[in-house]
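Engineer: Following this message is one structure expressed as structure tokens.
The values are calculated or read from the model by the stated rules, or taken from the named source; none is laboratory data. Here the structure is a predicted model, which means the values were calculated and not measured. Please note: Cβ atoms are built from the backbone with ideal geometry, for glycine as well, and neighbour counts cover all protein chains shown. For accessibility, only protein heavy atoms count, side chains too; no ligands or nucleic acids. Shrake-Rupley method; radii C 1.70, N 1.55, O 1.52, S 1.80 Å.
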Amino acid sequence: IGLKIKGRDLPLLEIIFAASPNSLSSTRIILIVEEDTILNLTQLIIGRQNSAQSNLIEINVGKNAEVNHGLIALGEVDSNLLNHLAIEQGINSNYSLISLQKGWGFSRLEPNIIQTDGQAKTTLKGLQITNKTEQIATHSFVKFNGPDGKLEQLNKSAVNGNSHSIFNGAIIVPKIAQKTEASQLSRNLLLSKRARIDAKPELQIIADDVRCTHGATVSQLQEDELFYLRSRGISSNQANALLLEGYYHEILSKLPLYSERWSFLNNFLSNTR
């Protein structure tokens with residue numbers, strides 16, 4: 001499917017991928033977002049038992065255009081997902097991706113973003129939640145092909161059971177991309193002694209006039225915060241749930257969607273504890 005989109009007062013565009021049990025599906029969507037356009041996009045991916053999906057979305061963000069992209073990927077037992085995003089940004093464009101991955105036996109999200117002439121802004125914020133023996137991964141790639149580009153990236157994970165969370169973020173700043181400003185942070189919450197976390201930031205910087213930072217942290221729920229809540233009559237389970245809710249909220253609160261239509265997000269937090 002190919003769509004050409006133009007305008008500033010557009011309704012939210014929703015693209016839904018719903019798998020059938022015991023099936024394999026493959027899709028490709030091309031979106032041409034024209035100059036000065038503002039697009040709010042929600043991509044909802046639903047897995048079913050023993051299903052597999054391979055999805056590709058290509059988005060060309062025109063000059064002075066803005067795209068707010070929310071990606072919600074919710075799997076079931078033994079469901080698998082490969083999801084690739086190919087994004088090209090023109091001058092003075094703004095592309096924001098807010099993503100959630102949960103419940104997949106195996107999931108791999110690959111945002112590939114190129115600022116074709118620089119002078120653009122990219123925001124990437126992701127949350128991946130794993131349990132049991134699940135493996136969920138984000139492999140991002142951002143390349144600046146011109147000066148004055150900006151990137152703000154935050155990837156969060158919460159891992160439980162025997163699950164495995166992976167984050168690999170590559171940032172490429174060639175010599176032409178002077179005055180680039182890029183920040184990348186991977187924050188990970190370890191909820192089980194048997195769970196695994198791999199975080200690998202990659203910065204390839206050739207330009208000499210840049211401001212680029214990166215970092216990665218792995219932590220557990222803080223005992224002093226849990227004690228504070230329990231000392232005020234809150235049960236251990238409720239205290240854990242409240243801290244997780246605060247951890248998730250930074251990402252989930254930014255999703256562009258019609259909340260009245262997707263009521264599952266209203267009780268999402270109660271199903272992630």
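Engineer: Which of (1) of a type outside the set (D, E, K, R); (2) part of a strand (DSSP E or B); (3) open to solvent by less than 50 Å² (accessible area, probe 1.4 Å) is the odd one out, the single condition Asn60 does not satisfy?
Structural biologist: Of everything listed in (1) of a type outside the set (D, E, K, R); (2) part of a strand (DSSP E or B); (3) open to solvent by less than 50 Å² (accessible area, probe 1.4 Å), Asn60 misses just condition (3).
Engineer: Where residues in the stretch 235-273 are at pLDDT 75 or above, more than 19 Å from Leu190 (Cα to Cα) and not aliphatic (A, V, I, L, M), which of them is surrounded by the most Cβ atoms within 10 Å (Cβ to Cβ)?
Structural biologist: Once the filter is applied, the top-ranked residue is Pro256.
Engineer: Residue under question is Thr138, and the condition is that it be among the hydroxyl-bearing types (Ser, Thr, Tyr) and either surrounded by fewer than 18 Cβ atoms within 10 Å (Cβ to Cβ) or modelled with pLDDT under 95 (or both); does it hold? Show your work before the answer.
Structural biologist: Numbers: among the hydroxyl-bearing types (Ser, Thr, Tyr): yes; either surrounded by fewer than 18 Cβ atoms within 10 Å (Cβ to Cβ) or modelled with pLDDT under 95 (or both): no.
Considered against the rule, which asks whether it is among the hydroxyl-bearing types (Ser, Thr, Tyr) and either surrounded by fewer than 18 Cβ atoms within 10 Å (Cβ to Cβ) or modelled with pLDDT under 95 (or both), Thr138 comes out as no.
Engineer: Suppose we keep only residues that are under 29 Å from Ala65 (Cα atoms) and polar (S, T, N, Q) within the stretch 79-96. Which one would you say is most open to solvent (accessible area, probe 1.4 Å)? Even if it seems obvious, please write down each step before you answer.
Structural biologist: At the first step, the residues of the stretch 79-96 found to be under 29 Å from Ala65 (Cα atoms) are 82-96.
Going one step further and asking which of them are polar (S, T, N, Q), we end up with 83, 89, 92-94, 96.
On the way: Asn83: 5, Gln89: 1, Asn92: 84, Ser93: 4, Asn94: 50, Ser96: 21 Å².
This residue is Asn92.
Engineer: Do the conditions hold for Arg108, that is, is it assigned to a strand (DSSP E or B) and of a type in the set (D, E, K, R)?
Structural biologist: Working: assigned to a strand (DSSP E or B): yes; of a type in the set (D, E, K, R): yes.
Considered against the rule, which asks whether it is assigned to a strand (DSSP E or B) and of a type in the set (D, E, K, R), Arg108 comes out as yes.
Engineer: Oh, and also: Hey, any hits in the stretch 66-78 for a residue that's over 17 Å from the mean Cα position of the chain (by Cα), open to solvent by less than 10 Å² (accessible area, probe 1.4 Å), more than 19 Å from His139 (Cβ to Cβ) and in contact (Cβ under 8 Å) with a residue 24 or more places away in the chain? Walk me through how you get there before you give the answer.
Structural biologist: Quick first cut of the stretch 66-78, residues over 17 Å from the mean Cα position of the chain (by Cα) only: 66, 76-78.
Subsequent filtering for residues that are open to solvent by less than 10 Å² (accessible area, probe 1.4 Å) retains none.
Scanning the stretch 66-78, I find no residue that is over 17 Å from the mean Cα position of the chain (by Cα), open to solvent by less than 10 Å² (accessible area, probe 1.4 Å), more than 19 Å from His139 (Cβ to Cβ) and in contact (Cβ under 8 Å) with a residue 24 or more places away in the chain, so the answer is no.
Engineer: If you go through the stretch 99-123, how many residues are open to solvent by less than 10 Å² (accessible area, probe 1.4 Å) and not polar (S, T, N, Q)?
Structural biologist: 7
Engineer: Just need a number here: residues in the stretch 22-57 that are touching an Asp or Glu at 6+ places or on another chain (Cβ under 6 Å), surrounded by fewer than 16 Cβ atoms within 10 Å (Cβ to Cβ) and over 28 Å from Ile91 (Cβ atoms). I'd like the intermediate steps shown before the answer.
Structural biologist: At the first step, the residues of the stretch 22-57 found to be touching an Asp or Glu at 6+ places or on another chain (Cβ under 6 Å) are 30, 38, 42, 47-50.
Cutting the leftovers down to surrounded by fewer than 16 Cβ atoms within 10 Å (Cβ to Cβ) gives us 30, 49.
Now restrict to residues that are over 28 Å from Ile91 (Cβ atoms): 49.
Residues meeting the conditions: 1.
Engineer: Could you list, in sequence order, the residues of the stretch 174-215 that are surrounded by fewer than 14 Cβ atoms within 10 Å (Cβ to Cβ), in contact (Cβ under 8 Å) with a residue 12 or more places away in the chain and in a loop (DSSP other than H, G, I, E, B)? Give the derivation first.
Structural biologist: Within the stretch 174-215, the subset surrounded by fewer than 14 Cβ atoms within 10 Å (Cβ to Cβ) is 175, 193-194, 200, 202, 204, 206, 208-209, 211, 213, 215.
From the residues that got through so far, the ones that are in contact (Cβ under 8 Å) with a residue 12 or more places away in the chain too are 175, 194, 200, 202, 204, 206, 208-209, 211, 213, 215.
Passing the criteria: Lys175, Arg194, Ile206, Asp208, Asp209.
Engineer: So, one more: Looking at the stretch 159-173 only, could you name the residues that are within 16 Å of Ile113 (Cβ to Cβ), of a type in the set (A, V, I, L, M, F, W, C) and open to solvent by 10 Å² or more (accessible area, probe 1.4 Å)? Please lay out each step first, then the result.
Structural biologist: Quick first cut of the stretch 159-173, residues within 16 Å of Ile113 (Cβ to Cβ) only: 167-173.
Keeping just the survivors that are of a type in the set (A, V, I, L, M, F, W, C) gives 167, 170-173.
Passing the criteria: Ala170, Ile172.
Engineer: Can you report the number of residues in the stretch 1-51 which are within 17 Å of Gly75 (Cβ to Cβ) and in a loop (DSSP other than H, G, I, E, B)?
Structural biologist: 10
Engineer: What do you reckon, is Arg232 modelled with pLDDT under 75, charged (D, E, K, R) and under 22 Å from Leu71 (Cβ atoms)?
Structural biologist: On the way: modelled with pLDDT under 75: yes; charged (D, E, K, R): yes; under 22 Å from Leu71 (Cβ atoms): no.
For Arg232, the condition - modelled with pLDDT under 75, charged (D, E, K, R) and under 22 Å from Leu71 (Cβ atoms) - is not met.
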